[in-house]
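The values are calculated or read from the model by the stated rules, or taken from the named source; none is laboratory data. Here the structure is a predicted model, which means the values were calculated and not measured. Counting neighbours? That spans all protein chains shown, and the Cβs are built from the backbone with ideal geometry, glycine included. The protein model used for the area step is the full one, side chains on, heavy atoms only, and it has no ligands, DNA or RNA in it. Shrake-Rupley method; radii C 1.70, N 1.55, O 1.52, S 1.80 Å.
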Amino acid sequence: MRIETLRAAEDNDLARQVAYGEVRAFEELYDRHSAQAFALALYITQQPGVAEEVTQDAFLGLWRSASLFDANRGALKT
C-alpha cells in the first residue's frame with residue numbers, strides 16, 4: 001500500500017491489512033496510537049520502563065492477533 005493510502009485508511013481497514021501481514025499498515029497504526037497507549041500505561045504504572053513494555057506488548061498482541069479483531073465489538077483504539 002502507498003503511504004498516502006495508509007494514512008487515509010480507517011483503523012479497521014488497517015487492522016485487516018495487519019492480519020494479512022502488511023507491515024506498513026502495522027507501522028501506521030503504531031504511529032497513530034502508540035503515544036496515547038504509552039501515556040495511558042505511564043499514568044497507570046508511573047514507571048516509564050514498565051509503560052514502554054506494556055505498550056510494546058499491546059502492539060505485539062495486535063500484530064499476532066489482528067485477525068481476531070472485530071470492529072462490531074469495539075474500536076481498535078480502545
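Below, the figures for the structure above:
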read-out	value
Helix-only [θ]222 nm of the chain, DSSP H runs n ≥ 4, -39500 (n - 2.57) each, per residue, nearest 500	-23000 deg cm²/dmol
Lys/Arg +1, Asp/Glu -1 at C-beta; segment 10-49 dipole; positive extreme among Thr45, Phe26, Ala15	Thr45
Relative contact order, percent, the chain [alpha-carbon distance under 8 Å, six or more residues apart]	36 percent
Calculated FRET value between Thr45 and Arg73, using beta carbons and R₀ = 22 Å, to 0.05	0.25
Carbon plus sulfur fraction of accessible area for segment 1-61, probe 1.4 Å, in percent	53 percent
Under 14 Å, Cβ to Cβ, from Phe59 - net charge with Lys/Arg +1 and Asp/Glu -1	-4
Lys, Arg +1 and Asp, Glu -1 on Cβ, resulting dipole of the chain about Cα centre, debye, nearest 20	120 debye
Rounded accessible area per residue of the chain, 1.4 Å, Å²	73 Å²
Peptides 13-22, 32-41 ordered by average Cβ neighbours within 10 Å, highest first	13-22, 32-41
Stokes-Einstein D for the chain, Kirkwood Rh over Cα pairs, 20 °C, 1.002 mPa s (µm²/s)	166 µm²/s
